[in-house]
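Note sheet for the following structure.
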Amino acid sequence: MILLLEFGAYVVLAAYHWVRPDTQDNFGDTSPAYSSYPWAPEFWKEEKLRWKTQRGPYEPFRIWGVAPWHSEYINTDESEKGTWRRTLNANGDACRNQKHVEIWMFGGSTLYGTGVPDFATLPSYLSRDLNAAGERCTVVTNFGAEGYVTNQELLVLMEQLKVGRRPDLVIFYDGVNDSYAGAVSPGMPDAHVSLATIKARVEGSLAARLDFLRDSSALQLARLVVNSVRRVDTAEAKNEKVQSKAVATLDNYEANMRMAQTLSQAYGFRVLSFWQPAFVYGHKALAPFEMRVAGNEAWADSFHILNTVYAEAERRAEVRANFVFLGRIFDSTSQPFYIDKWMHLDPQGNELVAGAIARYAQDSLRQPAQAVTAHSPQARTSIR
């Protein structure tokens with residue numbers, strides 16, 4: 001009976017997605033952004049295999065970490081700092097006898113580099129840009145982890161500092177995960193993503209024992225029906241609740257950045273914080289592929305909520321100038337940069353963002369450490 005129910009749900013879902021292709025998840029391997037890269041087919045084979053087989057290890061307090069992985073295009077290396085995604089640091093011969101500038105970058109999957117090879121992650125491009133400037137020898141470490149929010153990133157920073165390691169500059173690159181966890185699911189700004197699933201497993205509840213059903217066709221169909229019914233909520237009450245969550249999300253984010261600034265003063269490094277771009281916000285002319293991703297009906301409510309959080313983030317960045325809002329960095333282009341519903345960027349998108357961050361990093365490193373504080377704007381607080 002259960003098998004018949006699952007098969008029937010699978011058939012219904014397949015028919016629904018055939019009639020409504022805009023409701024399907026679109027992944028980067030189908031994006032036209034990759035059509036010009038000869039390495040793309042092999043890369044996507046590796047990336048899909050990683051998604052299917054790699055499991056993040058348990059990490060005390062942070063819940064999960066980054067698992068070792070080695071292939072031609074994707075590598076997470078074990079080192080004294082832990083297991084983290086490989087950054088291609090473009091240090092030439094001139095750097096060998098010089099003191100290196102240490103830059104640590106923290107973020108979620110967009111910083112980790114989901115959907116791009118090692119050489120096309122944001123940290124790899126940032127290292128290339130800063131070393132090409134020739135002012136100093138720079139080593140960038142990618143502390144990004146898929147699914148991380150700033151609550152977890154702050155713990156990673158403290159772990160590294162406690163054992164005596166010291167950066168010259170710390171860069172936070174966040175937005176989507178904090179917005180999703182804080183205002184969508186679980187809708188708690190001080191929580192992590194997948195809270196309900198992990199909580200159920202720790203507590204050994206019935207929900208945990210039935211966790212294998214999470215990706216079944218029957219449950220996906222049930223979610224589709226529930227989501228369609230939910231949208232009859234009154235817009236006024238719904239918007240008020242969403243705005244309240246957006247405010248709480250930014251309160252938590254800014255509190256975490258203040259903690260990072262406090263640590264920077266105690267340990268003698270600089271901090272820069274950037275709010276990442278997302279297709280849910282701004283005036284970018286979306287390419288056809290991006291429009292299909294953004295038009296995913298099952299995610300319509302989530303995208304609306306993320307948009308509200310982004311509006312609150314831009315407002316605060318302009319008023320308080322304690323982080324840089326990059327939500328409008330792609331406003332003047334229609335080129336496809338986004339590769340999926342989680343706002344991951346293609347190589348060229350990462351390259352453009354890295355170029356913007358590099359300018360702030362160069363300005364910061366030229367200043368005395370004590371001159372850079374949470375409330376001293378480096379330049380503009382919103383890049384358009």
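Got at least one residue in region 78-93 being without any contact (Cβ under 8 Å) to a residue 12 or more places away in the chain and either in contact with a helix residue (DSSP H, G or I) (Cβ under 9 Å, 6 or more places away or on another chain) or part of a strand (DSSP E or B) (or both)? Checking region 78-93: at least one residue is without any contact (Cβ under 8 Å) to a residue 12 or more places away in the chain and either in contact with a helix residue (DSSP H, G or I) (Cβ under 9 Å, 6 or more places away or on another chain) or part of a strand (DSSP E or B) (or both). List every residue pair whose Cβ atoms sit under 7 Å apart, with the two residues 6 or more apart in sequence or on different chains, where the first one lies in region 294-312 and is more than 19 Å from R328 (Cα to Cα) and among the hydrophobic types (A, V, I, L, M, F, W, C) and the second, anywhere, is in a loop (DSSP other than H, G, I, E, B) and modelled with pLDDT of 90 or more. Going by the 7 Å Cβ cut-off, the qualifying pairs are W299/K341. Do the conditions hold for R315, that is, is it surrounded by fewer than 22 Cβ atoms within 10 Å (Cβ to Cβ) and either of a type in the set (K, R) or under 19 Å from the mean Cα position of the chain (by Cα) (or both)? Answer is yes for this residue. Counting just the residues of region 341-382 that are at pLDDT below 70 and among the hydrophobic types (A, V, I, L, M, F, W, C), which one comes out farthest from T110 (Cα to Cα)? Checked region 341-382; the qualifying residue farthest from T110 (Cα to Cα) is A371. Test L352 against the stated conditions and say whether it is touching a residue at least 60 places away in the same chain (Cβ under 8 Å), assigned to a helix (DSSP H, G or I) and surrounded by fewer than 23 Cβ atoms within 10 Å (Cβ to Cβ). So L352 fails the test.
Looking at (1) on the phi > 0 side of the Ramachandran plot; (2) surrounded by fewer than 22 Cβ atoms within 10 Å (Cβ to Cβ); (3) within 15 Å of the chain's Cα centre (by Cα), which is the one condition that is false for G187? With (1) on the phi > 0 side of the Ramachandran plot; (2) surrounded by fewer than 22 Cβ atoms within 10 Å (Cβ to Cβ); (3) within 15 Å of the chain's Cα centre (by Cα) applied to G187, the lone miss is (3). Within region 98-145, restricting attention to residues that are at pLDDT below 95 and basic (K, R), the residue that is farthest from G175 (Cα to Cα) is K99. Scoring S127 on the criteria (1) small (G, A, S); (2) more than 16 Å from E351 (Cβ to Cβ); (3) free of Cβ contacts under 8 Å to residues at least 60 places away in the same chain; (4) in a helix (DSSP H, G or I) leaves a single failure, condition (2).
Scanning region 320-340 for residues that are at pLDDT below 95 and outside any loop (DSSP other than H, G, I, E, B) yields one hit, R320. Hey, does region 55-70 have a residue that's surrounded by 18 or more Cβ atoms within 10 Å (Cβ to Cβ), in contact with a Gly (Cβ under 6 Å, 6 or more places away or on another chain), modelled with pLDDT under 95 and not charged (D, E, K, R)? Taking every residue of region 55-70 in turn, none turns out to be surrounded by 18 or more Cβ atoms within 10 Å (Cβ to Cβ), in contact with a Gly (Cβ under 6 Å, 6 or more places away or on another chain), modelled with pLDDT under 95 and not charged (D, E, K, R).
When the residues of region 161-206 are filtered to those that are of a type in the set (D, E) and assigned to a loop (DSSP other than H, G, I, E, B), the one that is nearest to A260 (Cα to Cα) is D168.
Suppose the filter is modelled with pLDDT of 95 or more, surrounded by fewer than 24 Cβ atoms within 10 Å (Cβ to Cβ) and outside any helix (DSSP H, G or I); does L263 pass it?
no
The values are calculated or read from the model by the stated rules, or taken from the named source; none is laboratory data. Computed from a prediction, not measured in an experiment: that's the story for all the values here. All Cβ positions, even for glycine, are placed from backbone atoms using ideal geometry, and neighbour counts span all protein chains on display.
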